[in-house]
Amino acid sequence: MNFDWQPLLLTFRLSAITAAILLLIGVPLAYWIAHTRTRFKPVVETLVSMPLVLPPSVLGFYLLLAFSPQHAFGAWLEQWLHLKLVFSFEGLVIGSVIFSLPFMVQPVQAGFQGLPPSLLEASRTLGKPDIVTLFRVLLPNIKPALLSGTVLSFAHTVGEFGVILMIGGNIPGVTKVASIAIYDEVESLNYAAANFYASVLFVVSFAILLIVYLVNKKWKAV
């Protein structure tokens, strides 16, 4: 029996792009949360953590409304930036970044907070700017947290369903990722195809998490 590999390739592409974007925006955000003393910190932490407790369909619904050309923000995006995010791969990326944000920020934030304050103080005493301190001193000392955040973001995106279904629908080659394909095949009583997609996702998720645990264990032993 021939299986369509396109949903799997689209899934891993979406997951890789999402993890890369989250690495770029999640590290500075985690650094700010870990070191700021502003009174608005609990509000920011709450907003970042909301996807952990919010049903994916709720988040997907509000993103669908926001991105829709029938609403102000969606109309502005389409008119001025020529971006149509509803039922598009770009919309999936933005939704995935928002939905997986805490899986990047929280491990990295914990890594920053676990470092001794003397590292930051010593670098500042030597006159190093904060951006140099971040890249030359702090990040090299939280490699396990960076790896965990990246892999968790990737794996979480692999398993997304509700947000993707709400924003992207089910367009082959555009928004039909593996989780949507599994749902479709089960509805069609094609359990062989559903088992194929599910098995691949299971094996890949298990393998990348196992690698993370083994690498982190090796780093801790050094």
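For the chain, the 222 nm mean residue ellipticity estimated from helices alone, with every DSSP H stretch of n ≥ 4 adding -39500 (n - 2.57) and the total spread over all residues, rounds to -24500 deg cm²/dmol.
Largest GNM mean-square fluctuation across K41, K128, K176, computed for the chain with C-alpha springs under 10 Å, falls on K128. Once both labels are positioned 7 Å from their Cα atoms along Cα-to-Cβ, the gap between K143 and V53 label points is 3.6 nm.
If only the Cβ of Lys and Arg carry +1 and only the Cβ of Asp and Glu carry -1, the dipole of the stretch 58-199 around its Cα centre is close to 560 debye.
Roughly how tilted is helix 191-221, in degrees to the nearest 10 and between 0 and 90, from the longest Cα axis of the chain? Result, in degrees: 10. Since only A193, A178, V203 are under comparison, the one whose Cα sits farthest along the positive direction of the charge dipole of the chain, derived from C-beta charges on Lys, Arg, Asp and Glu, is V203.
Provide the per residue accessible area, probe 1.4 Å, for the stretch 1-131, rounded to a whole number of square angstrom.
59 Å²
Here the stretch 39-129 yields Rg over Rh of 1.16, to two decimals, using C-alpha coordinates and the Kirkwood radius. Between the helical axis of 56-67 and the longest alpha-carbon principal axis of the chain there is an angle of about 90 degrees. At full extension, L209 and F161 could sit 15.3 nm farther apart than now, given 0.36 nm per residue minus the alpha carbon distance. Given a 1.4 Å probe and the protein chains as shown, H82 ends up with an accessible area of around 150 Å².
A 1.4 Å probe over all protein chains sorts E45, E160 by accessible area into E45, E160, starting with the largest.
Ligands, DNA and RNA left out, the 1.4 Å accessible surface of the chain is 68% carbon and sulfur atoms. Across all Cα pairs in the stretch 114-222, the calculated P(r) in 10 Å bins from zero up to the longest distance comes to 12, 28, 22, 18, 13, 5, 1 percent per bin.
The values are calculated or read from the model by the stated rules, or taken from the named source; none is laboratory data. Quantities reported herein were computed from a predicted structural model and do not represent experimental measurements. Counting neighbours? That spans all protein chains shown, and the Cβs are built from the backbone with ideal geometry, glycine included. Heavy atoms of the whole protein, side chains included, go into the accessibility calculation; ligands, DNA and RNA do not. Shrake-Rupley method; radii C 1.70, N 1.55, O 1.52, S 1.80 Å.
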